[in-house]
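Here is the structure we will look at.
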Amino acid sequence: MGSNKKVLITGASMGIGRALAKKFLENGFFVIGTGRNSMIENFNDDNFYPLKLDISNSNSVKEAKNKIFKIFKSIDILINNAGIGPDLDTLFPDKESFTKTFEVNTIGTVFFTEFFIPLINNNGMILNISSKMGSIDFCKLTDSVAYRMSKSALNMYTKILANRLYNNIKVASIHPGWVQTTIAKSNINGRLTPEKSAENIFRFIQSDFQNGIFWNSENDTELSW
Ligand SMILES: NC(=O)c1ccc[n+]([C@@H]2O[C@H](COP(=O)([O-])OP(=O)(O)OC[C@H]3O[C@@H](n4cnc5c(N)ncnc54)[C@H](OP(=O)(O)O)[C@@H]3O)[C@@H](O)[C@H]2O)c1
């Protein structure tokens, strides 16, 4: 993939998404980065386009799609990174945080993706930033019910899309590692900086990865669903 390619990254205002946007810019891509506030600070780059998006709001999703179609016509890579974890580190499901989590991580991400699929060029990609916490095989704990379930459901969407789009778009779920972001209090202890995590994800995207895979980019291994 070269310099004229366009990558759309949701949740580019901070954390892993922001580091990913920087990584793609450094490597000559054109980056469309979303945030709920359209002003994404400190990106003074001609190859960066800030897009206002609340993925849990269907009007915002429609507006974002129409804008990108009008201005750019198409994209090459969609990185579904926007995600929340209000029940991370808590033990029992709570209806409010459960609903919010699914509205962003699952429902919002699915319908945002459905809107953008027609804009993705042949030989394009969709990367879902999932989590090892969404792996059913791997789960030995009982915490973070909504977060885990939202990512398991997202993983199923990865498989479904991989089956649907295999002729011209590659799809994968990625676990980005345990990263020092503000998604949960405990992430202050994360093993990776957002920059290191972005570097690993970028390397995976540049590789000839298998369509429909669930990948742990922290240690470069396939994850079981
Ligand atoms: N950090 C980790 O250790 C870790 C591990 C596994 C998986 N992940 C996954 O990696 C992804 C990024 O996480 P992170 O740790 O970088 O989190 P973060 O620092 O909290 O960033 C989350 C991003 O999502 C955006 N976002 C939140 N709600 C949104 C909404 N309603 N509409 C659109 N965008 C929204 C935020 O943008 P605004 O608030 O500006 O809108 C922000 O840019 C998430 O999907 C997360 O589940 C993280």
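The values are calculated or read from the model by the stated rules, or taken from the named source; none is laboratory data. Every value quoted in this text rests on a predicted model; they were computed, and no experiment measured them. Reconstructed Cβ throughout: ideal geometry from the backbone, glycine too, with neighbour counts over all protein chains shown. SASA here: full protein model, heavy atoms, side chains in, ligands and nucleic acids out. Shrake-Rupley method; radii C 1.70, N 1.55, O 1.52, S 1.80 Å.
Kindly indicate whether any position in region 150-166 is aliphatic (A, V, I, L, M), farther than 25 Å from residue 199 by Cβ, open to solvent by 50 Å² or more (accessible area, probe 1.4 Å) and in a helix (DSSP H, G or I). Don't jump to the end; show me each part of the working.
Within region 150-166, the subset aliphatic (A, V, I, L, M) is 153-154, 156, 160-162, 165.
Okay, now just the ones that are also farther than 25 Å from residue 199 by Cβ, so 153, 156, 160-161, 165.
Going one step further and asking which of them are open to solvent by 50 Å² or more (accessible area, probe 1.4 Å), we end up with 156, 160.
Going one step further and asking which of them are in a helix (DSSP H, G or I), we end up with 156, 160.
Yes, there is a match, as at least one residue in region 150-166 is aliphatic (A, V, I, L, M), farther than 25 Å from residue 199 by Cβ, open to solvent by 50 Å² or more (accessible area, probe 1.4 Å) and in a helix (DSSP H, G or I).
Name the single residue, out of those in region 55-71 being within 20 Å of residue 14 (Cβ to Cβ) and open to solvent by 30 Å² or more (accessible area, probe 1.4 Å), that is farthest from the ligand (Cβ to nearest atom).
Keep residues of region 55-71 that are within 20 Å of residue 14 (Cβ to Cβ), which gives 55-57, 60, 64.
Now narrow it down to the ones that are open to solvent by 30 Å² or more (accessible area, probe 1.4 Å): 56-57.
Numbers: 56: 4, 57: 7 Å.
In this case the residue turns out to be 57.
For region 123-141, which positions are in a loop (DSSP other than H, G, I, E, B), out of contact with any helix residue (DSSP H, G or I) (no Cβ under 7 Å at 6 or more places or on another chain) and farther than 16 Å from residue 186 by Cβ? Reasoning before the result, please.
Filtering region 123-141 for residues in a loop (DSSP other than H, G, I, E, B) gives 130-131, 135-141.
Applying the additional criterion that residues be out of contact with any helix residue (DSSP H, G or I) (no Cβ under 7 Å at 6 or more places or on another chain) yields 135, 137, 140-141.
135, 137, 140, listed by residue number.
Here is a check on your reading of the model: is residue 184 out of contact with any Gly (no Cβ under 6 Å at 6 or more places or on another chain), within 10 Å of the ligand (Cβ to nearest atom), more than 19 Å from residue 111 (Cβ to Cβ) and open to solvent by less than 30 Å² (accessible area, probe 1.4 Å)? Please lay out each step first, then the result.
Numbers: out of contact with any Gly (no Cβ under 6 Å at 6 or more places or on another chain): no; within 10 Å of the ligand (Cβ to nearest atom): yes; more than 19 Å from residue 111 (Cβ to Cβ): yes; open to solvent by less than 30 Å² (accessible area, probe 1.4 Å): yes.
Taking the combined requirement at face value, the residue does not satisfy it.
Tally up the residues in region 187-202 that are open to solvent by 10 Å² or more (accessible area, probe 1.4 Å) and near the ligand (Cβ under 9 Å from one of its atoms), please.
Residues that pass the stated criteria total 4.
Select from region 72-105 the residues that are in a loop (DSSP other than H, G, I, E, B), open to solvent by 40 Å² or more (accessible area, probe 1.4 Å) and more than 14 Å from the ligand (Cβ to nearest atom) and list them in ascending order. Working first, answer last.
Step one: list which residues in region 72-105 are in a loop (DSSP other than H, G, I, E, B), which gives 73-74, 81-94.
Of the ones still in play, those that are also open to solvent by 40 Å² or more (accessible area, probe 1.4 Å) are 73, 84, 86, 89-94.
If the condition is that a residue be in a loop (DSSP other than H, G, I, E, B), open to solvent by 40 Å² or more (accessible area, probe 1.4 Å) and more than 14 Å from the ligand (Cβ to nearest atom), then 73, 90, 91, 92, 93, 94 are the ones that fit.
Quick one: would you say residue 28 is part of a loop (DSSP other than H, G, I, E, B) and more than 15 Å from the ligand (Cβ to nearest atom)?
The answer is yes for residue 28.
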